[in-house]
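The values are calculated or read from the model by the stated rules, or taken from the named source; none is laboratory data. What you see is a predicted model; the values in this text were computed from it and never measured. As a convention, Cβ positions derive from the backbone with ideal geometry for all residues, glycine included, and neighbour counts pool all protein chains shown. Note: accessible area is taken over every heavy atom of the protein model, side chains too, but ligands, DNA and RNA are not part of it. Shrake-Rupley method; radii C 1.70, N 1.55, O 1.52, S 1.80 Å.
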Amino acid sequence: MFQDFEVSSRPEQGPPRLAALRARMAAEGLDAVLVPRADAHQGEYVAERDARLAWLTGFSGSAGVAIVTRDAAALFVDGRYTLQARVQVADEIEVLEIPGRKPARWIADRLAAGATLGFDPWLHTRAEIDRFETALRGHDVALRAIDNPVDAVWDDRPGPPMGRVTAFPNEIAGQSRADKCAGIAAALREEGQPWAVLTLPDSICWLLNIRGSDIPRIPIAQAFALIEAASGKVRLFIERDKLDPGLLDGVEILPPDAIVAVMANLAGPVRLDRDTAPYILGKTLEEAAVEIAWDADPCLLPKARKTASEIEASREAHLRDGAAMCEFLCWLDGRIDGIAGGTRLTEIDVVRALEEFRRATGALEDISFDTIAGTGPHGAITHYRVSHESDRAVAPGDLLLVDSGGQYRDGTTDITRTMAVGDPDDEQIAAFTRVLKGMIAISRARWPRGLAGRDLDALARAPLWRAGQDYGHGTGHGVGVYLSVHEGPQRLSRQSEVPLEPGMILSNEPGYYREGEWGIRIENLVVVVVPDPIPGGDEERDMLAFDTLTWVPIDRALIDADALSPGERAWINAYHAGVANRMAGRLSPEATEWIGRATAPL
């Protein structure tokens with residue numbers, strides 16, 4: 001199994017670890033410290049060595065920051081994680097939701113004038129520190145860059161990851177390493193930027209056509225890189241033992257800790273991303289009087305615009321994964337039918353079975369994130385992760401939410417399906433149908449080129465809004481190709497200002513959650529395409545649309561067909577016909593019979 005069900009930190013461990021941290025703070029003259037869920041590469045997923053927030057507080061979510069003072073502690077998380085955080089952390093740690101409470105305001109309310117707030121300059125970006133400094137201006141609270149005090153009290157801290165690096169095939173990438181480096185270098189020359197610093201491992205892996213194994217679930221190698229505009233040559237700061245001889249001929253290999261010294265001797269302006277690069281790198285350039293060009297990571301948009309080869313490969317990965325999902329749903333249907341008669345099925349059983357169906361493809365490299373299998377009230381916890389302690393039996397009347405994905409050499413998948421256990425009630429059907437209507441609205445959307453995710457997000461929410469309902473997460477995130485399952489900069493979100501472009505892969509996943517009762521989410525992956533023109537449309541209007549990548553049935557028992565418009569009903573029937581057509585010849589006899597029922601027209 002890729003996924004385990006152990007709990008690495010417990011609430012009762014928090015208070016003694018906080019006490020040890022506070023003793024360290026007192027010794028260093030600190031009144032407060034920031035403890036983020038981040039590593040030096042600002043990754044969503046971190047190695048065990050960098051899981052400082054989880055070690056200190058018990059919170060295992062992928063986003064958050066703790067603030068510890070001499071006599072108080074708070075954990076700030078977004079709406080995805082409030083329920084989870086309250087379960088995982090000790091009562092001594094106050095759980096607050098962003099944006100409801102601002103961390104800087106919380107600090108200002110608790111620290112006296114002249115206080116010092118410490119932060120690790122490797123774990124925060126310039127943008128983050130600038131926001132803290134702006135918010136604390138007038139409160140006489142000084143920010144001080146420090147060696148990480150959590151590391152000083154974490155006695156059994158794991159060592160750094162040393163995963164092997166492998167080549168990523170040019171035929172899937174659609175571009176060679178040389179072509180990508182030449183393209184980025186040309187863009188830098190056009191901007192008058194002699195150098196660019198790359199700190200995001202997925203950007204570096206994309207640029208060099210490599211993949212790594214430093215982080216579970218995400219095939220990246222932890223590294224920094226410099227690319228020179230004049231030549232397109234790359235200096236890669238990585239542990240040499242991760243590389244096989246000849247893998248990166250022509251790339252200069254340097255140890256990771258050499259990045260600071262090398263940057264201090266560059267001739268600027270040096271391109272650095274204010275939102276993703278560690279604070280210390282910008283500070284290094286400033287202290288060396290090297291001009292900085294604050295600009296986005298130059299690989300972000302080229303990586304997001306998938307090549308034709310990447311899209312073709314991703315389609316095949318999604319069909320393979322879709323077949324595994326269909327086998328799983330067929331299996332699940334059989335188990336659900338027996339629950340009323342006493343058959344026991346737990347969340348862990350569901351996770352194990354789904355991973356086995358993916359493994360049976362013979363192509364699974366890893367799961368793309370820990371499978372979320374929440375039944376009943378656990379389905380309302382957006383990023384629920386089942387453990388041996390939390391494992392809940394599936395019961396009649398439950399909704400079972402399963403959000404999962406696979407990492408294949410030709411693509412990364414992410415899919416959510418919500419299933420009824422027995423006969424759903426009217427409220428569950430009504431909420432599910434509203435979520436489905438929102439998901440269909442995104443799937444059918446056409447929009448003028450230049451619009452961003454924030455311009456489309458409301459399409460998914462409108463059916464829920466009309467019922468006085470909403471959900472607390474974005475509607476969709478970017479997805480890589482055998483890279484991160486959460487890829488920027490593209491998103492379907494009220495916060496996203498990045499225009500959507502052809503080739504971008506995103507999730508389409510509206511939801512609705514009733515705390516303590518059940519959760520609903522339906523998710524497909526889609527790719528931005530240039531659609532065929534509509535007769536009678538404006539010929540000069542450059543339009544974009546989504547094309548679906550995910551082909552797996554949606555539970556018909558939860559759909560109120562009478563609440564769908566004719567266009568919505570036509571879409572779901574056409575989608576299910578497309579599932580049946582694409583799965584033909586890919587399924588076992590049992591699943592083939594099941595899919596005929598699962599995709600019958602409404």
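Looking at this structure, is ARG586 outside any strand (DSSP E or B), under 22 Å from GLU312 (Cα atoms) and in contact (Cβ under 8 Å) with a residue 60 or more places away in the chain? Against the criterion (outside any strand (DSSP E or B), under 22 Å from GLU312 (Cα atoms) and in contact (Cβ under 8 Å) with a residue 60 or more places away in the chain), ARG586 qualifies.
Take ALA90 and decide whether it is open to solvent by less than 20 Å² (accessible area, probe 1.4 Å), in a loop (DSSP other than H, G, I, E, B) and in contact (Cβ under 8 Å) with a residue 12 or more places away in the chain.
So ALA90 fits the description; yes.
Every condition in (1) closer than 22 Å to ILE280 by Cβ; (2) over 27 Å from the mean Cα position of the chain (by Cα); (3) of a type in the set (Lys, Arg) holds for ARG157 except the one numbered (2).
Within the set VAL65, VAL35, the sole residue that is touching a residue at least 40 places away in the same chain (Cβ under 8 Å), β-branched (Val, Ile, Thr), touching a strand residue (DSSP E or B) at 6+ places or on another chain (Cβ under 6 Å) and under 29 Å from LEU483 (Cβ atoms) turns out to be VAL35. Would you say VAL150 is farther than 30 Å from SER404 by Cα and either crowded, with 23+ Cβ neighbours inside 10 Å or more than 26 Å from the chain's Cα centre (by Cα) (or both)? Taking the combined requirement at face value, the residue does not satisfy it.
When the range 474-517 is filtered for residues that are within 18 Å of ILE440 (Cα to Cα), polar (S, T, N, Q) and either in contact with a Leu (Cβ under 6 Å, 6 or more places away or on another chain) or open to solvent by 20 Å² or more (accessible area, probe 1.4 Å) (or both), the ones remaining, listed by number, are THR475, SER507. One residue alone among ALA145, ALA178, ALA185 is within 30 Å of ARG305 (Cα to Cα), surrounded by fewer than 18 Cβ atoms within 10 Å (Cβ to Cβ) and among the small types (Gly, Ala, Ser), and that residue is ALA178. Within the range 93-117, restricting attention to residues that are without any contact (Cβ under 8 Å) to a residue 24 or more places away in the chain and of a type in the set (Val, Ile, Thr), the residue that is least open to solvent (accessible area, probe 1.4 Å) is VAL95. Restricting attention to the range 286-312 and to residues that are surrounded by fewer than 22 Cβ atoms within 10 Å (Cβ to Cβ) and charged (D, E, K, R), the residue that is farthest from LEU492 (Cα to Cα) turns out to be GLU287.
From the list PHE59, PHE76, the lone residue that is over 20 Å from ASP140 (Cα atoms), in a loop (DSSP other than H, G, I, E, B) and open to solvent by less than 20 Å² (accessible area, probe 1.4 Å) is PHE59. Filtering the range 518-545 to residues that are open to solvent by 90 Å² or more (accessible area, probe 1.4 Å) and not β-branched (Val, Ile, Thr) leaves ASP532, PRO533, PRO535, GLU539, GLU540, ARG541.
Taking residues in the range 256-273 that are under 18 Å from GLU191 (Cβ atoms), and partners anywhere that are buried (at least 17 other Cβ atoms within 10 Å of the Cβ) and among the charged types (D, E, K, R), the pairs with Cβ atoms closer than 7 Å and at least 6 places apart or on different chains are ASP273/ASP297. When ASP410 is tested against (1) surrounded by fewer than 24 Cβ atoms within 10 Å (Cβ to Cβ); (2) farther than 26 Å from LEU549 by Cα; (3) acidic (Asp, Glu), only condition (2) is not met.
Looking at the range 574-582, can you tell me whether even one residue there is open to solvent by 10 Å² or more (accessible area, probe 1.4 Å) and of a type in the set (Lys, Arg)? Checked the range 574-582: at least one residue is open to solvent by 10 Å² or more (accessible area, probe 1.4 Å) and of a type in the set (Lys, Arg).
Residues of the range 159-170 include at least one that is in contact (Cβ under 8 Å) with a residue 60 or more places away in the chain, open to solvent by 40 Å² or more (accessible area, probe 1.4 Å), small (Gly, Ala, Ser) and not in a helix (DSSP H, G or I). Checked against (1) basic (Lys, Arg); (2) open to solvent by 30 Å² or more (accessible area, probe 1.4 Å); (3) within 25 Å of the chain's Cα centre (by Cα), LYS283 meets all criteria but (3). Based on what the data block shows, is TRP195 more than 28 Å from the chain's Cα centre (by Cα), at pLDDT 95 or above, within 26 Å of HIS124 (Cβ to Cβ) and among the hydrophobic types (A, V, I, L, M, F, W, C)? Considered against the rule, which asks whether it is more than 28 Å from the chain's Cα centre (by Cα), at pLDDT 95 or above, within 26 Å of HIS124 (Cβ to Cβ) and among the hydrophobic types (A, V, I, L, M, F, W, C), TRP195 comes out as yes.
Output the residue which, of all residues in the range 82-109 that are in contact with a strand residue (DSSP E or B) (Cβ under 7 Å, 6 or more places away or on another chain) and of a type in the set (Val, Ile, Thr), is farthest from LEU18 (Cα to Cα). By that ranking, first place goes to ILE98.
Kindly indicate whether any position in the range 553-570 is surrounded by 13 or more Cβ atoms within 10 Å (Cβ to Cβ), closer than 23 Å to GLU316 by Cβ and not β-branched (Val, Ile, Thr). Yes: one or more hits.
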